[in-house]
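The values are calculated or read from the model by the stated rules, or taken from the named source; none is laboratory data. Keep in mind the model is a prediction, meaning the values are calculated, not measured. Cβ: placed from backbone, ideal geometry, glycine included. Neighbour counts: every protein chain shown. Please note that ligands, DNA and RNA were not included when accessible areas were found on the heavy atoms of the full protein model with its side chains. Shrake-Rupley method; radii C 1.70, N 1.55, O 1.52, S 1.80 Å.
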Amino acid sequence: MSLSTSFGKRRTVNMSEEIAEELNRLANSQGKTLYSLINEIGLATLESYRHGFNLNDAIKAKLVLDRAKKSRMVLVNQDLWYSGSSKAYKSFKTEWLKQAYEHAKWRAHVFLNNGSHEEVITSVKKLLEDYEWDCTDIAIEQKGSDGIFLRLVFVPEMSLEHTKSLFKVFEGMFNVLGYVIVDSVVRPGFLMLLFKKLGTNIET
C-alpha cells in the first residue's frame, strides 16, 4: 500500500497491506487520520534518535519498566541500597539472607524459564541485562552436560556484604530450577558460580 503525504514536497510511503490496515484501525480507534498517525510515529522515531536510541530500544525500555512496576520493584539510590544491605547483613545476617533467598524464589518464578540449559541461560542473561544495572560484565555458559557457569562483575563500590547477599539471591533462583552451587568465588563486587543440575526442585 502507498500513502501519499506532503512535507513541503510530495512523498510516498510504501508498506505492506497488513501493516497499513492495522495502522488505519489504530488511527480510527483514536479518532485520528492515518496521515496524522504516520506523522506521530515519524516524530517519535526522530525524537528517539535525537536522544541516541531507536524506537525499538524505547519500546523495550517501556516494557521493562512496566514489568518492574508490576513486579513491585522500585528504583533505589545505589549508595543507599549498598549501605542498607550491608548494615542488614551485619545486624541480622541469618534473617537477611533468608529474606534474600525467599525473594530469589519469587524472582525465579516470575522471570526465569525452567527448561533446557539454553533456556535457563537465556532467561538469566535477560534478567541480568534488564534489571541488574550495576552489573558491568556478564559471562554465563553451559559447562558439561549438567552445569552452568556464571561470572558477574559489578561496580567497585559494591561491598562484600552486599555481594554475599547477591550470592544468596542467585543460589535461591537456581535452586528453584533444580541447580545447586558446587563451586564459588565471592569477592566485593564479584561473583563466580558453578551450578550443577540435579533434575528436581530443591527449594528450602
Original post:
Could you say whether any residue in segment 123-136 is touching a residue at least 12 places away in the same chain (Cβ under 8 Å), in a strand (DSSP E or B) and crowded, with 17+ Cβ neighbours inside 10 Å?
Top reply: yes
Original post:
Which members of segment 72-106 meet the condition of being touching a helix residue (DSSP H, G or I) at 6+ places or on another chain (Cβ under 6 Å) and of a type outside the set (A, V, I, L, M, F, W, C)?
Top reply: TYR82, SER85, SER86, TYR89, TYR101, LYS105
Original post:
Within segment 157-168, can one find any residue that is in contact (Cβ under 8 Å) with a residue 60 or more places away in the chain, of a type in the set (Ser, Thr, Tyr), more than 23 Å from LEU63 (Cβ to Cβ) and buried (at least 19 other Cβ atoms within 10 Å of the Cβ)?
Top reply: yes
Original post:
Any residue in segment 112-126 that is of a type outside the set (Phe, Trp, Tyr), closer than 28 Å to SER86 by Cβ and in contact with a strand residue (DSSP E or B) (Cβ under 8 Å, 6 or more places away or on another chain)?
Top reply: yes
Original post:
Can you name the condition, by its number, that ILE19 falls short on among (1) under 30 Å from GLY178 (Cα atoms); (2) open to solvent by 50 Å² or more (accessible area, probe 1.4 Å)?
Top reply: (1)
Subject >> Within segment 176-194, considering residues that are out of contact with any Ser or Thr (no Cβ under 7 Å at 6 or more places or on another chain) and in contact (Cβ under 8 Å) with a residue 60 or more places away in the chain, the one nearest to TRP81 (Cα to Cα) >> reply: VAL176
Subject >> Unique match (being touching an Asp or Glu at 6+ places or on another chain (Cβ under 6 Å), modelled with pLDDT of 85 or more and in a helix (DSSP H, G or I)) among TYR89, TYR82, TYR101, TYR49 >> reply: TYR89
Original post:
So, of the residues in segment 107-118 that are over 15 Å from the mean Cα position of the chain (by Cα) and open to solvent by 70 Å² or more (accessible area, probe 1.4 Å), which turns out to be modelled with the lowest pLDDT?
Top reply: ASN114
